[in-house]
Amino acid sequence: MPFKKGEIPEGATPFKKGESGNPSGREKGSKNRSTIAKYWLEVYQDSKNPITGGNENLSQEDLMTLALIKKAIGGDVNAYKALMDSGYGSLTQSIEQNNTHTMNDFNIKDLLKFDNPKP
């Protein structure tokens, strides 16, 4: 029997209206991994700045960035690339294409030719 647009056939969905598809899923109010990561990256502590050597109140994010800078200064090319991509964005590869030919430049019979020896 055909159904109208937007109509759900009886028995087509295994859950009743208002019933969760995963009743034992993640608890309400639990935090996403990104929320937890952002929280810990913003935690400050008194630490030695790896570049200046002085004691400063730095966030975990600051410490990681400074450590990456120190590695890049020491010659680590991957650290340098990560810093440049982070600071200025990664480069996108572009391909220049110049097509000066039109379909009128080709003969369709020549395009369809292939070597087929005659018997």
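The values are calculated or read from the model by the stated rules, or taken from the named source; none is laboratory data. If you're wondering where the values come from, they're calculated on a predicted model, not measured in any experiment. Cβ placement follows ideal geometry from the backbone for every residue including glycine, while neighbour counts extend to all protein chains displayed.
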* Asked: Of everything in segment 56-89 that's surrounded by 12 or more Cβ atoms within 10 Å (Cβ to Cβ) and hydroxyl-bearing (Ser, Thr, Tyr), which residue is farthest from residue 38 (Cα to Cα)?
  -> 80
* Asked: Quick check: anything in segment 22-42 assigned to a helix (DSSP H, G or I), surrounded by 10 or more Cβ atoms within 10 Å (Cβ to Cβ), free of Cβ contacts under 8 Å to residues at least 60 places away in the same chain and of a type in the set (Asp, Glu)?
  -> no
* Of the conditions (1) exposed (fewer than 10 other Cβ atoms within 10 Å of the Cβ); (2) at pLDDT 85 or above; (3) assigned to a loop (DSSP other than H, G, I, E, B), residue 16 clears all except one; give me its number. => (2)
* Asked: Of the residues that sit in segment 43-55 and are assigned to a loop (DSSP other than H, G, I, E, B) and either touching a strand residue (DSSP E or B) at 6+ places or on another chain (Cβ under 9 Å) or in contact (Cβ under 8 Å) with a residue 40 or more places away in the chain (or both), which one is surrounded by the fewest Cβ atoms within 10 Å (Cβ to Cβ)?
  -> 54
